[in-house]
Every structure is written in structure tokens, then in C-alpha cells.
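Working notes, beginning with the structure itself.
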């Protein structure tokens with residue numbers, strides 16, 4: 001699941017950069033950052049040296065996603081960003097990353113809020129930073145149900161570990177909830193409401 | 001003072017997000033980030049796990065500010081952002097946060113410049129990150145006297161501790177100076193000059 | 001070289017802020033951040049308290065660059081940003097910062113990818129953050145050959161140390177490559193290609 005997520009996130013980030021006419025370096029940086037940025041932020045928050053600076057496997061998956069994006073963009077175009085073939089692996093990545101981040105939080109002995117923050121940051125942090133670099137309002141804060149799925153999954157994971165379940169089962173439950181909520185949100189176009197304003201009388 | 005600041009900062013951040021038509025999650029994230037982001041950045045800079053991941057009291061105050069923002073926005077509208085009823089608690093928060101950040105700097109044995117950077121970052125970091133996410137040029141860098149007040153207060157706090165005064169007195173002096181300068185700046189519409197350009201001859 | 005880079009980076013950052021009509025505080029913050037932001041990010045990534053919070057020499061050079069920018073802007077105007085008199089010391093800074101960052105990476109025992117990330121981040125991180133605060137798409141991701149030079153130099157530095165060469169020689173080789181590639185890129189207007197899109201059939 002983690003590998004699927006790394007490739008999917010990198011593909012999405014690189015496609016956005018291609019769409020914005022970045023040069024090939026910018027495309028590679030945006031792809032790698034989208035895939036690895038959330039985990040790196042999580043590691044910095046808990047005081048670790050980011051795993052991406054030490055392992056090379058994850059970097060390989062991220063670079064594979066960059067290559068996929070370039071091939072896809074040249075063959076099909078960047079309209080593919082709105083296609084389910086991107087949405088599903090992206091949802092798998094969100095689920096895997098949120099669960100891994102929340103697990104790190106449980107291990108780092110932070111508060112329940114901290115567990116949810118770390119899970120959600122791991123899931124959406126890379127996309128958020130990429131959108132900032134692309135000069136967009138981060139889609140995770142405005143578009144349909146996305147970060148909310150990571151919050152739901154991280155919460156379930158925390159409840160599961162607090163109930164004494166083992167890390168593997170808790171992670172599976174958390175990732176399952178994130179994935180299910182996300183896929184349902186895409187299928188039924190769920191979205192959170194905005195705060196409607198009443199004009200002053 | 002810290003509690004007042006957390007609620008005020010979260011209210012301001014959430015009101016901005018409501019004004020920008022973010023969904024309820026985005027509104028909550030912006031509020032919490034405005035309140036807790038400066039302190040989290042400070043903690044990361046000195047190598048600590050951010051307090052917000054460990055304590056729950058601060059998170060509670062931040063969420064209270066989010067609720068205040070939603071209620072206010074629906075009753076009165078977001079124009080309230082320009083009203084003194086927001087400015088004064090916001091100034092209290094700036095003073096409290098800058099003093100707490102500068103104190104952390106004194107404790108972490110950084111340079112005088114480091115003390116001022118940590119105090120100012122704690123005071124304005126949350127608002128700055130929020131403005132970046134809202135796709136605005138951060139108001140703390142362009143609008144009237146804001147970050148300058150935190151710089152002044154942090155400097156006073158450092159001078160006070162370097163003069164041998166105790167932490168409590170130094171913090172009170174630093175916070176008092178930040179608050180006083182900020183309130184005077186609002187009252188008299190003080191602003192820093194820009195660098196006027198001479199066109200080349 | 002480091003001192004030249006600090007002054008040059010701060011001058012460039014402050015000139016951009018003057019161009020964007022920031023007040024004098026914003027001008028100083030942008031200058032200091034451009035000069036010290038890359039190194040601070042590198043330090044946070046490897047788990048150190050940023051050197052800029054502890055040393056005062058670097059801060060002095062950065063502030064000198066801010067003063068240079070103000071004097072230059074009032075005498076000549078900000079058009080000087082496009083002039084070679086800025087490009088050359090900026091290239092020296094890029095070379096010095098990338099080499100210092102890559103050396104930190106070698107010392108921190110990260111992967112080869114990590115060495116390149118740390119070198120490049122140190123070289124371009126300050127400019128990238130400044131552009132985000134100025135609400136621009138970071139120039140390092142879109143404009144000609146810039147971050148690529150830091151990547152080339154960091155790679156050379158890693159190869160040199162992995163081949164058993166001492167730190168001084170490796171740093172000189174890395175910085176030399178970054179500087180040479182950057183100056184050639186400016187002279188011959190080298191740029192990376194974008195990913196050309198084929199419209200779907």
C-alpha cells in the first residue's frame with residue numbers, strides 16, 4: 001500500500017507541475033515532494049531525521065511516479081488528473097500514509113490530538129506543500145472530503161490502540177476507514193459544508 | 001494571557017478561512033494552525049516535539065476560538081475582523097506568545113538574535129503560515145506595526161534576563177512592551193515606512 | 001565564499017521585497033530569510049538547532065546585505081536584480097551553500113539522495129521560502145538552470161567523499177562544479193526543457 005501511495009502521490013504532484021509548465025527539474029521536485037513531504041514533516045515534528053534522507057527505496061518509488069507522470073502527460077495529457085484511474089491509487093496512498101503517521105504518533109507517546117495531527121499531516125502534507133509551491137490554495141483545505149478521511153482513519157487507529165489492539169490490526173483498521181470514506185466520498189461526491197454567512201441586519 | 005491569545009488567534013484565523021469560503025474542516029485547520037503554528041515552529045527550531053502534540057489544553061482553547069469564529073460569522077459576518085473587539089485580544093495573544101517564545105530562547109541558550117527570532121516566530125508564525133495557505137502576502141510583513149511589536153518585546157525580555165532579572169519579571173516586561181506598542185500602533189495608526197525608490201537617472 | 005553568499009542572497013531577497021513594496025521590516029525579514037533560511041531548514045532536517053540562532057557572524061553578513069539592498073534600491077532601482085553584478089555573487093553563494101549543506105549530509109550519515117537534498121535545500125531553500133512569502137511561484141523551480149547547479153555540485157561532493165577524498169577537497173570540487181555550471185548557464189542562457197504535452201487524439 002505504501003508503494004502504491006508513493007507512486008500515486010508522485011504522479012499526481014508531477015502532473016500538476018507539468019500542467020503548470022514547470023521544467024523537468026520542477027516536475028521531479030514537485031513529484032518527490034508530494035510523495036515524501038508529508039512523511040518528512042511528520043519526522044521533523046517528532047524530532048527524527050526524515051526517513052527519506054536515509055532510505056532509498058521510497059525515493060525510488062517516488063521517482064517511478066515522476067516517470068509515470070511524464071509518460072502519461074505526453075501520451076494522454078494532464079486531464080487524466082480528474083480521472084478515477086488516478087483517484088483510486090491516490091486514495092490508497094492517503095490511507096497508507098495516514099495510518100503510518102498515526103502509528104508513529106502512538107509510538108512517540110503524543111496526545112490523541114497529536115496522533116490525529118501526525119496521521120493527517122503524513123497523509124496530506126506533501127500535497128499541501130506542493131499546492132503552496134504551485135501558488136494554489138491547498139486543495140486539501142477546500143475540496144470535497146480529503147483530509148477529513150485521514151482524520152477519520154487516524155482517529156480509528158488511535159481508538160484501536162487505546163483499546164489494546166495490536167499495531168498491525170489498528171493500522172489495518174485505520175487505513176481501511178480512510179480508504180473507505182475516501183472512495184465513498186469520490187463515488188457520492190460528498191463534501192463538507194462551508195460556514196454560510198448571514199449579512200449583518 | 002496565553003489562553004486569551006489562543007482563542008483570539010484561532011478566531012482570527014477561522015474568520016479569514018470563512019471569508020475565503022473554506023469548508024468547515026479548512027476553517028478549523030486554519031484556526032488551530034493560526035493559534036498553535038507559531039509555538040510549533042518555535043519548538044521544532046529548538047529541537048523539541050511541539051507542545052501542541054502533547055498537551056490538550058491549548059488545543060481546547062484553539063478549538064474554542066474556532067467555535068467563536070463560526071458563531072460570530074453567522075451572527076455578525078466576517079467584517080468583524082477589522083473591529084477593535086478582535087484587535088485587543090489579538091494584541092494580548094501577540095504579547096503572550098512573543099514573551100513565551102523569547103523565554104524558550106533564553107532557556108535554550110541561543111544568541112540574542114536567536115531569542116528575538118524565537119519570540120517573533122512564536123508571535124507571528126501561525127498567522128504567517130495561515131496567510132500563505134490563504135494565498136495572501138503575509139500581513140505581518142506588510143501591514144502596519146505588528147511583527148515589530150513582537151521584536152520590541154522579545155528584545156526587552158532578552159535585555160531584562162541579561163541584566164539578571166528573573167524570568168517572571170522579564171516575561172512581564174517583554175509582554176508589556178509588546179502589548180503597549182501594539183495597542184499604540186493600532187490607536188495612532190503607526191506604520192513602518194517602505195523603501196522609496198528613486199528611478200534611475 | 002560563505003560571506004559573499006550571505007551578503008548576495010540577503011541583497012537579492014531584500015531587493016525583491018522592496019520591489020513588492022514591503023515595509024522596512026518586511027525588507028529586512030525577506031533579506032535575512034533568503035540568506036539564512038536554507039541553512040536553517042538543513043539544520044532542522046538533520047535535527048540540529050539552526051546555526052543562525054547561535055552564531056551572530058552570519059546574521060551580521062545577512063544584515064549587511066539588507067543595507068546594501070536599501071542603498072542600491074534608492075540609488076539605482078530594483079532593476080539591478082537582472083544585472084550580472086548580482087548574478088555572480090549570487091552564484092558564489094549558491095555554490096558555497098550547496099557545498100556546506102552537502103558536507104553536513106555526509107557528516108550526518110544520510111543516503112546519497114539525502115546528501116543531494118541537503119545540499120540543494122541549503123542552496124535554494126532561502127530563495128524558495130522568500131518567493132512563497134512574496135506570493136510568487138518559486139523561481140528555483142521554473143527559471144533556467146539554478147537548483148540543477150546545486151544538485152550537480154552536491155552530487156560531485158558526494159562522489160568525491162565516497163571516493164575517499166578529504167572534506168576540504170570534496171567541498172572545493174562540489175562548490176567549483178556548482179559555480180561553473182551556474183555561470184555557464186547564465187552566460188549561454190541554458191534552461192531545462194518542459195514536458196511537452198500531446199493533446200489526446
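Here the stretch C:69-92 is the region considered, the condition is being at pLDDT 90 or above and crowded, with 18+ Cβ neighbours inside 10 Å, and the residue that is nearest to the other protein chains (Cβ to nearest Cβ) is C:70. Counting the residues of the stretch C:54-68 that are within 8 Å of chain B (Cβ to nearest Cβ) and under 18 Å from residue C:129 (Cα atoms) gives 1. Of the residues C:67, C:71, C:59, the single one that is out of contact with any helix residue (DSSP H, G or I) (no Cβ under 9 Å at 6 or more places or on another chain) and part of a helix (DSSP H, G or I) is C:71. The condition of being within 23 Å of residue B:75 (Cα to Cα) and out of contact with any strand residue (DSSP E or B) (no Cβ under 9 Å at 6 or more places or on another chain) holds for only one of B:57, B:34, B:41, that being B:34.
Of everything listed in (1) out of contact with any helix residue (DSSP H, G or I) (no Cβ under 8 Å at 6 or more places or on another chain); (2) more than 10 Å from every other protein chain (Cβ to nearest Cβ), the single unmet condition for residue B:156 is (1).
Selection of the stretch B:35-52 for residues being at the interface with chain A (Cβ under 10 Å from one of its Cβ atoms), in a helix (DSSP H, G or I) and at pLDDT 90 or above yields B:36, B:40, B:43, B:44.
A quick yes/no check of all residues on (1) under 17 Å from the mean Cα position of the chain (by Cα); (2) surrounded by 17 or more Cβ atoms within 10 Å (Cβ to Cβ); (3) under 20 Å from residue B:46 (Cβ atoms):
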{"position": "B:106", "(1), (2), (3)": "no, yes, yes"}
{"position": "B:116", "(1), (2), (3)": "yes, yes, yes"}
{"position": "B:138", "(1), (2), (3)": "yes, yes, no"}
{"position": "B:152", "(1), (2), (3)": "yes, yes, no"}
{"position": "B:168", "(1), (2), (3)": "no, no, no"}
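If you go through the stretch A:103-117 and keep only what is in contact (Cβ under 8 Å) with a residue 24 or more places away in the chain and either within 17 Å of residue A:168 (Cα to Cα) or more than 7 Å from chain B (Cβ to nearest Cβ) (or both), you end up with A:103, A:104, A:105, A:106, A:108, A:112, A:115, A:116.
For the stretch A:119-139, enumerate the residues that are more than 19 Å from residue B:27 (Cβ to Cβ) and either facing another protein chain (nearest Cβ under 9 Å) or outside any helix (DSSP H, G or I) (or both). Scanning the stretch A:119-139 gives A:133, A:134, A:135. If you check residue A:32 against the conditions, is it surrounded by fewer than 22 Cβ atoms within 10 Å (Cβ to Cβ) and at pLDDT 90 or above? Judged against the criteria, residue A:32 is not a match.
Could you list all residues from the stretch B:1-21 that are facing another protein chain (nearest Cβ under 10 Å) and either within 16 Å of residue B:89 (Cβ to Cβ) or in contact with a strand residue (DSSP E or B) (Cβ under 7 Å, 6 or more places away or on another chain) (or both)? B:14, B:15, B:21 - these are the residues of the stretch B:1-21 that are facing another protein chain (nearest Cβ under 10 Å) and either within 16 Å of residue B:89 (Cβ to Cβ) or in contact with a strand residue (DSSP E or B) (Cβ under 7 Å, 6 or more places away or on another chain) (or both).
Could you go through the stretch C:75-85 and let me know if any residue there is within 21 Å of residue C:179 (Cα to Cα) and in a loop (DSSP other than H, G, I, E, B). Yes, because at least one residue in the stretch C:75-85 is within 21 Å of residue C:179 (Cα to Cα) and in a loop (DSSP other than H, G, I, E, B). Against the test of being under 23 Å from residue C:46 (Cα atoms), under 12 Å from the mean Cα position of the chain (by Cα) and surrounded by 24 or more Cβ atoms within 10 Å (Cβ to Cβ), the options C:148, C:121 yield a single qualifying residue, C:121.
The values are calculated or read from the model by the stated rules, or taken from the named source; none is laboratory data. Remember, it's a predicted structure, so these values are computed and weren't measured experimentally. A quick note on method: Cβ atoms are made from the backbone with ideal geometry, for glycine too, and the neighbour counts reach across all protein chains shown.
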